[in-house]
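Just below is one structure, and these are the notes that go with it.
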Amino acid sequence: MTIEITASNVYDLAPADLVQDDRVAGRMYTDPEIFELEMTRIFEHTWIWVAHESELPNPGSFKSTYVGRQPVIVSRDRKGAIHTLVNRCRHRGASLCEKRTGEANGFTCPYHAWSYSLDGKLRGIPYPEGYEGVIDKSELSLKRLRTESYGGMVFATLDEDIEPLEEFLGDVKLWIDRFMKQGGGYPIKVLGTHQFTFGGNWKIQLENTTDGYHFPIVHRSWMASVDAETADMMSFMTDPEAVTHDLGNGHSVAQMVPEHSDLDADDGTEKLQDRFDELIADLRAANLSDSAIRKVVLAMHGTGFNLNLFPNVSMSAAFFRVLRPISVDRTVIEHVAIGPDGPDEVVGPVNRARLRVHEHFQGPFGFGTPDDAEGWDRVQRGAQGAPEMPILVNRGAAREKPSPEGWTTSHVTDETGMRAAYAQWKQMMSDD
Amino acid sequence: MTETLTHTAAPSLTDPRVLRGIELAWREADLLDRKEYEAWNALYAEDGHYVIPIDPDTTDFDNTLNMVYDDARMRGMRVTRMTEGYAIAAVDSATTARTVSRFLPVEVSDAEVVLRASQVLVAYKRGRHDLWAGDVEYRIRLGATAAEDLIVRKVVRLVDSEAAVPAAGFLL
């Protein structure tokens, strides 16, 4: 039974009742108690993206990040296995690693010098005689999270009992495979990361990467600054082929440029954009064949879709967008630039061009990000008003149809992806 | 016997060429606080670069991800973005007040002045004050007169360039 949300009951309803098929209560953005519940019920009980394998290139490589609000270290051990370890000494709780990325033989606490190996085992304790008959070192490893990867994407979870990662991803795997084709024949590597904050709830950004509707409005300034070919490529508002699929488990894919959904399906008719003429000349000078050049240049804008994974990462055209909730009204976003990993004479010019394309839109001074962040700030401010009035996520609800694959599908400007994410939220936040 | 001085004395802040550089840096800061972006862009040489790196140590801006790495073409588009009224972040941007100080002349010749300085900027928007602090390096090409001096390179290295900063509707 759907309960009507009113001014008198909005603060009494259980969180799961705040999500209805086509609307959600504004309280979901503003209530600190709901935020606390989300941090445990969602972020401690599902697969959270923590790294791309290229960020851990060698034995000893590490990256420090977060799973929900818990600080973790993602490390690669001597045998090549990837571990996710809570960044907290077993002795008195000090953080072990405050560097974002690096190479190490292990982690030593700065407080009393307890030392741990790359897989989290406690190796050394100074002046150990005081612990004789008191502790067993084998029981004091760092807390280790389940860590699994697919297609180079590394996820961790604090829940020992949830389904394996590949089961959680389901039909998403096909789209991850497609996304990784933007290496143009080379594997993908991380090139750099922008980080910025906005004054709003994390779910506002979760909605945004599947919000085709905002693009020509919020990003009019970016559209006005790019060449006509790029602007034309992003003109999906009235393209009936541009659709969003609900892929299950809160995941969805928004195909803004469907002709670039599968970069291998190139019939040779699409003209390479003039803006890449200089790059093409550089690649010819590096003796790359015309067909290999075509492959990397067609992939310069990434793939033609945003693949939105519940709850914290989007594989968005040519980059990863990662969200980290800080508080009910503050969120950190990372925009991770990616490019092909190969011989420098080939990938050097490609990645320099990709970095410039990324800087043009993304990051705290890009031509796109600050406008997105302004929109999200405004949602947080406005949502304080009239708490009984719902946030609408009903666009396209009457034109959804199953795709041949069986995915609920509607136009890319519709809110099918948001409805998918909120259905998963409702299920995870339910008291049942 | 008197010792002959062979080394060049460290450039002095009172050197008129250095003073011209500082004057230009302050003119630029004032234009940015007043959001006079077209006049701001006119202070840059055609081959000039405006850079806000992420990596605190890099000088290889081509091969790293930056927050801003603008040549003349990107600067021109940025000025359009900040002034034409489509960018909601720029239309409703924070009010800023910045101080550039602690100038240190690094290189001085009749052609060029390189200065190092610190910048502290406070941005106010909707009840919130954000602090943006960092080092700035200015490379200034001296013209025939002070009015013809141009910025060839400005690099803003934020103290928190590797952390999450707010998304900005103004320029540093």
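Just so you know, all these numbers are worked out from the coordinates, no wet-lab data involved. Since the structure is predicted, the reported quantities are computational estimates derived from the model, not experimental observations. Neighbour counts are summed over all protein chains in view; Cβ atoms, including those assigned to glycine, are modelled from backbone coordinates with ideal geometry.
Structural remarks
- Taking amide H positions as modeled 1.01 Å from N, with prolines and chain starts lacking one, the residues under 5 Å from residue A:191 and 5 or more places away or on another chain are A:337, A:338, A:339.
- The relative contact order of the stretch A:48-157 comes to 27 percent, based on Cα pairs under 8 Å that sit 6 or more residues apart.
- When only the Cβ of Lys, Arg, Asp and Glu is charged (+1, +1, -1, -1), the dipole of the stretch B:3-158 relative to its Cα centre reaches about 680 debye.
- Inter-label distance, nm, simple model (7 Å from Cα along the C-beta direction), residue B:13/residue B:107: 2.3
- Shielding by partners, peptide A:188-196 (average Cβ within 10 angstrom, other chains): 4
- Label-to-label distance, nm, for residues given as residue A:290 and residue A:69 (7 Å Cα→Cβ offset): 6.0
- Residue (of B:58, A:29, A:185) at the positive-pole extreme of the protein assembly as shown, dipole from beta-carbon charges: B:58
- Compactness of the stretch B:3-158 is given as radius of gyration and Dmax, 16.7, 66 Å, from Cα positions.
- Of the chymotrypsin sites (Phe, Trp or Tyr not before Pro) found in the stretch A:1-110, those in coil by DSSP whose Cβ has at most 15 other Cβ atoms within 10 Å are A:11.
- Subtracting the Cα-Cα distance of residue A:160 and residue A:327 from their residue separation scaled by 0.36 nm leaves 57.5 nm.
- In plain terms, the chain from residue B:92 to residue B:26 could stretch by 21.3 nm, reckoned as 0.36 nm per residue minus the Cα-Cα distance.
- By the rule of a C-alpha distance below 22 Å, with chain neighbours fewer than 8 residues away ignored, the lysines paired with residue B:35 are B:125, B:154.
- Förster-model FRET efficiency, 60 Å R0, residue A:12 and residue B:147, C-beta, rounded to 0.05: 0.30
- Student exercise, chain A dipole from Lys, Arg, Asp, Glu Cβ charges, in Debye to nearest 20: 1440
- Along the stretch A:6-22 the Karplus relation, 6.51 cos²θ - 1.76 cosθ + 1.60 evaluated at θ = phi - 60°, assigns HN-Hα couplings of 10, 4, 7, 10, 4, 8, 9, 5, 5, x, 4, 6, 7, 9, 10, 4, 10 Hz to successive residues, with x for each Gly and Pro.
- Peptides ranked, highest mean first, by Cβ atoms within 10 Å: ranges A:415-425, A:185-195: A:415-425, A:185-195
- Distance from the C-alpha centroid of the stretch B:123-172 to that of the stretch A:127-170: 44 Å, rounded to the whole angstrom.
- Over the protein assembly as shown: Rg over Rh, Cα atoms, Kirkwood Rh: 1.00
- Within straight-line reach of residue A:189, meaning a Cα separation under 19 Å, sit the following lysines at least 8 residues removed in sequence or on another chain: A:63, A:173, A:181, A:295.
- Amide H contacts of residue A:61: A:76, A:104, each under 5 Å away and 5 or more positions distant or on a separate chain (H built 1.01 Å from N in the peptide plane; Pro and chain starts excluded).
- Our coupling estimate for the stretch B:52-64, obtained by passing each phi through the Karplus curve with A = 6.51, B = -1.76, C = 1.60 and θ = phi - 60°, is 10, x, 9, 5, x, 9, 6, 10, 8, 5, 4, 9, 10 Hz, Gly and Pro reported as x.
- Taking amide hydrogens as placed 1.01 Å from N in the peptide plane, the amide H of residue A:66 sits under 5 Å from those of A:72, each at least 5 positions away in sequence or on another chain.
- Our summary of shape: the Cα atoms of the stretch A:13-133 have principal axis extents of 59, 37, 22 Å, ordered from largest down, in whole angstrom.
- Point-to-point label distance, residue A:167-residue B:55, nm (Cα→Cβ direction, 7 Å offset): 4.3
- Space enclosed by the convex hull of the alpha-carbon atoms of the stretch A:171-429, per residue, Å³: 128
- Overall form of the stretch A:236-346 per C-alpha gyration tensor (a/c, 1.5; a/b vs b/c): oblate
- Ellipsoid fit via the Cα gyration tensor, the stretch A:59-103: semi-axes of 18, 11, 10 Å, each the root of five times an eigenvalue, largest first.
- Helix B:72-83 vs. chain B, principal-axis angle (Cα, 0 to 90°, nearest 10): 40
- Residue-averaged [θ]222 nm for the protein assembly as shown, counting only DSSP H segments that reach four residues, each worth -39500 (n - 2.57): -7000 deg cm²/dmol
- Test item: B:117-127 mean partner chain Cβ contacts at 10 Å: 1
- The length gained by stretching the chain between residue A:397 and residue A:99 to full extension, at 0.36 nm per residue less their Cα-Cα distance, is 102.7 nm.
- Karplus-derived 3J(HN,Hα) values for the stretch A:196-205, using 6.51 cos²θ - 1.76 cosθ + 1.60 with θ = phi - 60°, are 8, 10, 9, x, x, 5, 4, 6, 5, 7 Hz; glycine and proline are entered as x.
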